[in-house]
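A short reminder: the numbers here are calculations on the coordinates, not readings from a lab. Keep in mind it's a predicted model, so treat the numbers as computed, not measured. Here the Cβ positions follow ideal geometry from the backbone for every residue, glycine too, while neighbour counts run over all protein chains shown.
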Amino acid sequence: MIIDKNENITTITQEKFTVIELVKKLEALYPKYKNDNIIIVLTSLEKISPETINEFLQISNIHRKAKHSFVIVSAKVDLDAIPDELVVVPTQQEALDIIEMEEMERDLGF
């Protein structure tokens with residue numbers, strides 16, 4: 001797992017762990033990053049099932065409820081098969097764009 005912090009955005013890149021191991025590590029480290037917007041990069045995985053992506057649902061809901069963005073980057077998941085509560089985009093640039101848009105919405109009180 002590679003962690004890169006840039007201002008208020010923490011990018012966590014999956015390297016060797018399975019998604020379940022990554023979620024467990026993220027939950028353990030969460031207090032350290034709970035005030036940041038989080039990007040989870042899963043581009044190194046071959047194919048990701050909707051069930052695998054759903055492993056992030058609980059931590060994503062907690063994070064978004066606290067008014068922070070939680071975005072998963074993967075082009076290898078069926079976007080129609082994942083819950084609307086999860087934000088999944090195919091590129092890191094799109095993840096940054098989503099965070100910027102959500103920050104503006106929060107600033108405007110939405």
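Under the criterion of Cα pairs below 8 Å and six or more residues apart, the relative contact order for region 2-107 equals 24 percent.
Hydropathy at least -1.0 by Kyte-Doolittle, axial extent at least 18 angstrom from the Cα trace: which helices of the chain, defined as entire DSSP H runs, fit? Mind dumping the intermediate values first?
Values: long enough: 19-33 (19 Å, 0.21); 92-107 (22 Å, -1.10).
Membrane-span-like by this criterion, though nothing is claimed about a membrane: 19-33.
Under 19 Å of direct C-alpha separation, and excluding same-chain neighbours fewer than eight residues apart, Lys67 reaches these lysines: Lys5, Lys32, Lys34. Judged by the gyration tensor of its Cα atoms, with axes a ≥ b ≥ c, region 52-110 is oblate; a/c meets the 1.5 cut and b/c is at least as large as a/b.
Centroid-to-centroid, using Cα positions, region 43-91 and region 1-18 are 15 Å apart.
Is the shape of region 2-107 best called rounded, prolate or oblate, per the rule: a/c under 1.5 gives rounded, else a/b larger than b/c gives prolate, else oblate, with a ≥ b ≥ c the square roots of the Cα gyration tensor eigenvalues? Can you show the working numbers first?
On the way: a/c = 1.45, a/b = 1.22, b/c = 1.18.
Note, shape of region 2-107 comes out rounded.
For region 80-110, the residues whose amide N sits under 11 Å from a probe point set 7 Å from the Cα of Asn54 along the beta carbon direction are 82-83.
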